[in-house]
Structures are given as C-alpha cells and as structure tokens.
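The values are calculated or read from the model by the stated rules, or taken from the named source; none is laboratory data. None of the values given here were measured: they were computed from a predicted structure. Glycine gets a Cβ as well: all are built from the backbone with ideal geometry, and neighbour counts include every protein chain shown. Surface areas here come from the heavy atoms of the whole protein model, side chains and all, with no ligands, DNA or RNA. Shrake-Rupley method; radii C 1.70, N 1.55, O 1.52, S 1.80 Å.
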Amino acid sequence: MGDIITVYIQKSRYKIKNNGFFCFVENVCRLKPNHLNPISVQFEKYQNNMEDIITFDKSLQQRYQEYSEILSSNDILPSSQLSKQWALHVEMTVENIGWQAIWKIPRLTCESLHIHFPSYVLVFVLNIDAQKLKVLVRVLAVQEDIHIPDKHWIPLIQLWPTREQEKSIALSLMQTADALDTLRFFYLYVYMPWDRDDDDNHDWREKHLESRLQFFYDLKNGVIPRGVAEHIHDLLIEARRMQNKREALEEKLNREEYEMEFQKDIRKNQTTQTLLEIHVRLQEIRAEIDILESPLLREVIIRRHDTKPVAPTPKQHIWLIFNEGTTADCISFLHQVETSFPLQKITFSDSLASKLESTNSGDIYLLNENTHTIRTIGALEKGGTLRGFGDKNRIIVDSILEDVMLDFNGDEILIENLTVDTKSVQCGILVRKGKCVISNCKIQGNGSSSTQQGIIVLAEAEVVLENCEITGFAVGVVGNSGSKITLKNCDLHHGDIGMKVFDKCKVLMSNTLVREFSEFGFVLDSEVAEAAVGEFDTLNMIPNMQLENIQGTNNMKGDAAIMRKEKLKPVEDLFSNPNLDPTIIDSDDNEEIRML
C-alpha cells in the first residue's frame, strides 16, 4: 500500500488547562505523511467532534495471529494469568510517557464525575502501570465547561492516541496505538465477564480464543440472523454492565472494609446480597452464551428462530392488561375501554411483560391503573400501541433493565396516557427509525443523574410529543442529525438541559413550557452556527427549526443556547511553555489524583 499523504492547516480555538484554570489558545494542526502497514489503519472522528484518532480494521485471521503470539508463553494459560500476559505485552509495546490521547469517558465514570455523557477529554500520559493495565493521565483540554480533577488513573483501553503529537519528541505512535487497539478489542469482545471465575486447570487460550473470535466476526458479518444477533447483543451488554457493577461493589467492600461483616452474616448485608444476585445472573447469561457461541448448537437456535410460524398477514390483537384490582376497578376499566373499542374482540391478560415477549408487532396493549414492570420491549420494538385507561399518573410502566427501557426500531409506535418511569435506566426511550407518537404521557427520570437521557431520536427517525410532561433528566430530549422532533403543548422541567439537538435535526415546537433547568432550556450543538445565548425566538433563524410560543422560566444559564463544541486538537508545543508543560509538578501541588 502506498503512502497516504493528507496535508491541511486548520486554526482552532479550544479550552486548555493552565495551572488548574481554563484559558483559550490558538493551535495550528498539520497532518504529515503516514506509512501504513498492510492492516487497514483509519483516522476516525467521533460524532462529538473528537480529533482524528487511530483505529484499526483487522480480519479474524489477523486478530487470531496477534493473540496467539501475545498469549503464547505458557503451555497452559488459565484465565487468571491473562492479565500478566497482557502486562508483558504492554511493557514491550506501549510508550510509557509523553503521548497525547483522547479519553472517551465511560458513562459510569461520567456519573461519578457529575458530568454529561458522552464526554471526551484530551489527555497527556504521565505514567503506565502495566501490571494493572492502567495509565496516569493529566487533562489538557475539554470540549465543554466541565470541571474534573487534573489527574486520573484510568484503564488503558479507554484511551485513543491522537495522530498528531508534541512535535519535539519521538514516539512509536503506531506501535502504541496498535497495542492499545489489540488490548481494547480483547477485553471488549473476546474476554467474557465470567472468565475470571474459570477453573485454573483449564487452558483459556485453547478453550476460547478461536471460538470467541469466530463468534464476534459471525455477529459482525451478518452470519447470525438479525433477531438472534440482537438477542446476543442484549445479553452481552447486560453481562458487561453486571460485571462493572460487580467490580464497583467489590471495590466498595474493600474500601469500606466490609469483609468481616461479609464473613459474619452474608444475608444481612445488602451489598453482598447484590453481589450474589449479580453472580447468579452472570451464570444464567453464561449458560445461554455458551450455547450460542458454539456453531453447532447455535444452528439449532437459529433453526428454531427461522421456523417459528408467522402468519402472512398477522391479525392485530387487542390485549387488556389488568394485573390487579377490585371488581369495581375491573368494571370501570372495561367501561373506559368500551368507549374506544366497542365492537372489537379483546383478550385479557394479567402481565404486560409476558405479552410483550409472546405477541406480535402491531398489537395493541391497554393498561389499567397500576404499575406494569417489563423485562424487554419485545413485540413493541417493530410497532404497536401502548395505551393507558384512567389517570396517567397512576398507570406506570417501568423496567428491570438498566440501559434502554423502550427501544423502538419499527414503522409506527403510539404511546398514550401513561407514565413512563425511567428512574433506574440510562435512557428512557430510544427511537432508531420510524415514527413514534407520544401523547398525554409523563416521562420521568430520577432527577439526580448527570448522564440519564429521556428520549433519544436517531437519524431518519421521528418523534411527536403532544401534551406531554418530561422531567428529571440530565437531558430531556436528544435529537441527532437527520431526525425530526415535534413538541405541542408540552412541559419540560427540572434537570440539566431540557432539549439538545445537533445540526440538521428538524424541530417544530409550539405552546411549550421549558423551565427550571440548571443549565439551558434548549441547546443546539452546531458545527456551523455562531455560538450564542438568548431567547427561544433566536433559534428560528436556524434552518430546520420553527419555534412558536415557547416560554422559559428559571433556566439558570439561559433559555436557549447555540454551542460550538470545538475539536480536541493535540498541542504541538507543550514543553515550550512551563505553564502548559504537563510533566511539571510544583512542590506545593496537592491536586487530587482520581482513581477510576
């Protein structure tokens, strides 16, 4: 492959830390010739204006060869020895100090730092602890007005080296980036949370390496049918989330010295009880993934999935969900339903969760006044109606999930007259495509999270909110580029930001109240518009935006803001100015080093 030479000069203005304070500096960035190896090297830009970072696109054979070499020193390699093998590899391949990288801060860390998710930070590497696969970094620049400690110990896999570096030092940059990519891919896609519990008499490499890699590439390349692949994806997300929670709880036990209490009476300690529940759930997920990981056993599951009888034109069913109540409650519920469905055939059920898991897309689910807890969005993912009868504040839908509660990926969804309680999840409603109409609903978050989002609308999806109340979120509504959002007669209140959209998101708002937000009522995150803070009417000058009769009250930083999130550009001359030199530590420097 020949040289790829890209040269451009770009002048940017961004925030950089200077002795604990943020100042604005000018930076000129030039991309120089790069000699590429046979592996495809990409310089990727994240949606939130991350500067060019180095990523790799490798085949199954390339990954297998790499891992076989890295994990080859022992005749038998138990899972407990994997980290030692990786520590040796990191020591030999990763620059110990002096390089800049983008730190993509995980959601849980954003939560602990009380900042919004996603957040990206430019950092400088001060030291590496290869044994723990962690790195000490100093924050150089941030994209937004966030306040975090200057120094952090963080996992190596959270860093993406920037292509450009400080011009006065020589670095094995591609080798470092490649090593981090290999490490990150392993722990994100090959190593499983339950591997640490394996018997040390088993050879992890022989037992799992090839099959896990094949499993990943089968998922990536569409070998596994979409329905099964989505189920696998959900299981793996849940497992890694459980593992993160397990590690946090174990750290809490160590930090607060609960070991003695653990030994005395495990049943009386809530933390240890939660750990046991996590362990059981991980074992349940492991049993299912072990079957799906095996190509032969997976074929049985796929055949079952493919041969499930589906009517060519499935009939729409109406399900009356009445889970608990008196006879009078039931009669009142039926009278209300009769006004809307006087002649249609209906079927009773006492569980919304079970019906979502066993019925067809497009069905109608009518809920009584009660709390209805779901495990999965199930049939509603591809379309249907979820409607409450009675007082919407007493018709509550919540979930046992912790990531996304209602994940829609269909043609048309209607949610009407109920409360969506998302206090325990990271995102309340995610609309991937199609149209979602939400009418006369209350969507409420926990009111304390810095990362929880109410409704996220992806490109080419549309959401219509009518007579709705949205409250208690870090960001109430998020509109990505290419999406469409309509709000009529709504009340957005209490949280950090009421609504945040990106360029080319079409917004129609009318007769809506936006109030009591600790930051802004409405934020446009733009790469083209000039930054400004003002009234809602100023947004009408932005293409694709039409706001009429929008009232703002007590939004602490302003009703509406246009924000330009500057790209995080590596600093080319860090060491020329002692005030910017990240390696200089004053004798009276008592700044906090955050352990993550």
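Return the total of residues in the stretch 109-153 being touching a Gly at 6+ places or on another chain (Cβ under 7 Å) and part of a strand (DSSP E or B).
Adding up the residues that qualify gives 1.
Among the residues of the stretch 343-363, write down those that are open to solvent by 60 Å² or more (accessible area, probe 1.4 Å) and in contact with a Pro (Cβ under 9 Å, 6 or more places away or on another chain).
360
Hey, among the residues in the stretch 576-596 that are open to solvent by less than 70 Å² (accessible area, probe 1.4 Å) and either under 25 Å from residue 134 (Cα atoms) or among the small types (Gly, Ala, Ser) (or both), which one's modelled with the highest pLDDT?
594
For residue 157, indicate whether it is open to solvent by 10 Å² or more (accessible area, probe 1.4 Å) and over 25 Å from residue 563 (Cβ atoms).
Yes; evaluated as a whole, the condition is true for this residue.
What strands (runs of 3 or more DSSP E), lying completely within the stretch 395-469, carry at least 2 residues that are β-branched (Val, Ile, Thr)?
Qualifying strands (runs of 3 or more DSSP E): 396-399, 412-416, 419-421, 427-431, 434-439, 453-457, 461-466.
Being touching a Gly at 6+ places or on another chain (Cβ under 7 Å) and buried (at least 17 other Cβ atoms within 10 Å of the Cβ): is that true of residue 377 here?
The answer is no for residue 377.
Let me confirm something: among 301, 374, 331, 346, which residue is under 29 Å from the mean Cα position of the chain (by Cα) and free of Cβ contacts under 8 Å to residues at least 40 places away in the same chain?
Checking each option against the conditions leaves just 374.
Go through (1) surrounded by fewer than 20 Cβ atoms within 10 Å (Cβ to Cβ); (2) out of contact with any Asp or Glu (no Cβ under 7 Å at 6 or more places or on another chain) for residue 211 and report which single condition fails.
Every condition holds for residue 211 apart from (2).
Looking at residue 172 and the list (1) open to solvent by 50 Å² or more (accessible area, probe 1.4 Å); (2) among the small types (Gly, Ala, Ser); (3) at pLDDT 90 or above, which single condition is not satisfied?
Unmet condition: (3).
Output the number of the condition that residue 568 fails; it satisfies all remaining conditions of (1) part of a strand (DSSP E or B); (2) among the hydrophobic types (A, V, I, L, M, F, W, C); (3) in contact with an Asp or Glu (Cβ under 7 Å, 6 or more places away or on another chain).
(1)
Restricting to the stretch 492-546, count the residues that are outside any strand (DSSP E or B) and either more than 24 Å from residue 422 (Cβ to Cβ) or of a type in the set (Asp, Glu) (or both).
Just the residues of the stretch 492-546 that are outside any strand (DSSP E or B), to begin with: 503-505, 518-519, 526-531, 535-544.
Those left that are additionally either more than 24 Å from residue 422 (Cβ to Cβ) or of a type in the set (Asp, Glu) (or both): 503-504, 519, 526-531, 535-544.
Qualifying residue count for the region: 19.
Count, please, the residues in the stretch 530-572 that happen to be over 29 Å from the mean Cα position of the chain (by Cα) and of a type in the set (A, V, I, L, M).
Adding up the residues that qualify gives 3.
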